[in-house]
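Written below as structure tokens is the structure these notes are about.
The values are calculated or read from the model by the stated rules, or taken from the named source; none is laboratory data. The model shown is predicted, which means the values in this text are computed figures rather than measured ones. Cβ atoms come from the backbone with ideal geometry, glycine included; neighbour counts cover every protein chain shown. For accessibility, only protein heavy atoms count, side chains too; no ligands or nucleic acids. Shrake-Rupley method; radii C 1.70, N 1.55, O 1.52, S 1.80 Å.
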Amino acid sequence: MGLTELLEHFFELYGRRDRIYLSSLQKRIHYLGSGIGDLQDAIRKEVRVHSIGDALSRVVRRIFCLAEHFKGLDFVEVLTQKYPLTKCAYCQKLPCQCPPTRLKLVLEKKSNARQKRWGLKKWCVNFNAVYGEKNKFRGIENLLNRLFKEATELQLLLLQVESGQKMISLEEVEQEYLLELADTFAWTIAVANFLDIDLEAEVLKKYG
């Protein structure tokens, strides 16, 4: 199942429920943050791998819940632009060789059609090829902190937009939300890869 089809599967399962109970972007961001908190607790308490896989699956579910808020926009397209097939979008190298101070992001102008058809497992394999070595060096605490930071940046972006601090076009606002969401997805995969958990298998086992 490609990632686009998986997103549609979640929309069919939960779209109606989410539109009623998670009607605002604020609620969906909070829902994601609480899921990341549950994942952190599961890892730090050293619970069973199955339970950690379950918690990771719930984070994926909540990322897709946020993507559903922007349904009509192509989350997978933005994901392929920020995380291209053959290189890091910052240092332009494979595997990633970014210095401690990250370089400027260079988005792909055109997404790779084959990459857009990838399923969750293929995304995990590719992220491991590009970032796996660096992430092993970082350690699990750093990865969890980065994942939580991405959810915080979504919240910060919401506050900046609602308060008028960020004066950009509607298209730019949507693009920034999806880029932050792509980062959240990437760091979720980084945690799964670090712990050697088959994220696709866990998601399909929980959500069918």
Notebook entry, point to check: Can we say Arg62 is charged (D, E, K, R) and in contact with a Phe, Trp or Tyr (Cβ under 7 Å, 6 or more places away or on another chain)?
Noted result: yes
Item checked: Complete set of residues in region 128-151 that are under 20 Å from Gly35 (Cα atoms) and touching a residue at least 60 places away in the same chain (Cβ under 8 Å) -> Ile140, Leu144, Leu147, Phe148, Ala151
Note to self: Looking only at residues that are in contact (Cβ under 8 Å) with a residue 60 or more places away in the chain and closer than 15 Å to Tyr31 by Cα in region 153-174, which one is farthest from the chain's Cα centre (by Cα)?
What the structure shows: Leu158
Check: Are any residues in region 192-208 in contact with a helix residue (DSSP H, G or I) (Cβ under 7 Å, 6 or more places away or on another chain), open to solvent by 70 Å² or more (accessible area, probe 1.4 Å) and within 9 Å of Ser57 (Cβ to Cβ), and if so, which ones?
Finding: Lys206
Checklist line | From Gly72, Gly35, residue being of a type outside the set (A, V, I, L, M, F, W, C) and modelled with pLDDT of 95 or more | finding: Gly35
Next item on the list: For residues that are in contact (Cβ under 8 Å) with a residue 40 or more places away in the chain and of a type outside the set (A, V, I, L, M, F, W, C), scanning just region 102-127, find the one that is surrounded by the fewest Cβ atoms within 10 Å (Cβ to Cβ).
Entry: Arg117
Next item on the list: Would you check if there is a residue in region 157-170 being modelled with pLDDT of 95 or more, within 16 Å of Ile52 (Cβ to Cβ) and part of a helix (DSSP H, G or I)?
Entry: no
Notebook entry, point to check: Among the residues of region 128-150, is there at least one that is farther than 30 Å from Asp41 by Cα and either more than 16 Å from the chain's Cα centre (by Cα) or open to solvent by less than 80 Å² (accessible area, probe 1.4 Å) (or both)?
Noted result: no
